[in-house]
Amino acid sequence: MTDNPEMDEQIFTDPRPDIVVSHRPWGSFEQFVLNQEVTVKILTVHSGERLSLQTHSARGEMWKILDVPLDVTAGERTWTAEAGEAVWIACGIEHRIANHGRTAGRVLEVAFGKFDEHDIVRIDDVYGR
């Protein structure tokens, strides 16, 4: 339970154990979700840039690092996530992505729950938003 009743109604479980890899004659695919309410985006983080340190009250997010290693902060932990790594950001957890590499990096973001860009609470933002 949290101090936010809206968040208590929106408890999402880590979907990473349910990722399915299916092999086909032509290669393979990864299935991240099946018949769930989600919003899917690909984020591009330019070299030397970072997203705001933020939380969300009505969604959890799974990130799949696509290209280059990116620095991930989730709660108290910060590490360099490698290409192919899947990261779970639970609802209400402080999080951010930063790119200290030389080339832009992309992240597949699957947001679980009610998606609204206005639910972002920015804790630290170098862009002054």
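Of all the residues in the stretch 12-32, those that are surrounded by 13 or more Cβ atoms within 10 Å (Cβ to Cβ) and among the aromatic types (F, W, Y) number 2.
Scanning the stretch 33-87 for residues that are touching a Lys or Arg at 6+ places or on another chain (Cβ under 6 Å), open to solvent by 30 Å² or more (accessible area, probe 1.4 Å), touching a residue at least 60 places away in the same chain (Cβ under 8 Å) and hydrophobic (A, V, I, L, M, F, W, C) returns a single hit, I42.
All told, G128 falls short of being surrounded by 18 or more Cβ atoms within 10 Å (Cβ to Cβ) and either in contact with a His (Cβ under 6 Å, 6 or more places away or on another chain) or at positive phi (or both). When the stretch 88-120 is filtered for residues that are over 29 Å from N35 (Cβ atoms), buried (at least 16 other Cβ atoms within 10 Å of the Cβ) and in contact (Cβ under 8 Å) with a residue 60 or more places away in the chain, only G105 remains. Can you say whether R106 is among the basic types (K, R), assigned to a loop (DSSP other than H, G, I, E, B) and at pLDDT 90 or above, as far as the supplied structure shows? Answer is no for this residue. The residues of the stretch 72-125 that are under 27 Å from F29 (Cβ atoms) and of a type in the set (D, E), listed by number, are E82, E85, E109.
The values are calculated or read from the model by the stated rules, or taken from the named source; none is laboratory data. Since the model is a prediction, treat every value here as computed from it, not as a measurement. FYI the Cβ positions are ideal-geometry reconstructions off the backbone, even for glycines, and counts take in every protein chain you see. In case anyone asks, the SASA skips ligands and DNA or RNA and just uses the protein heavy atoms, side chains included. Shrake-Rupley method; radii C 1.70, N 1.55, O 1.52, S 1.80 Å.
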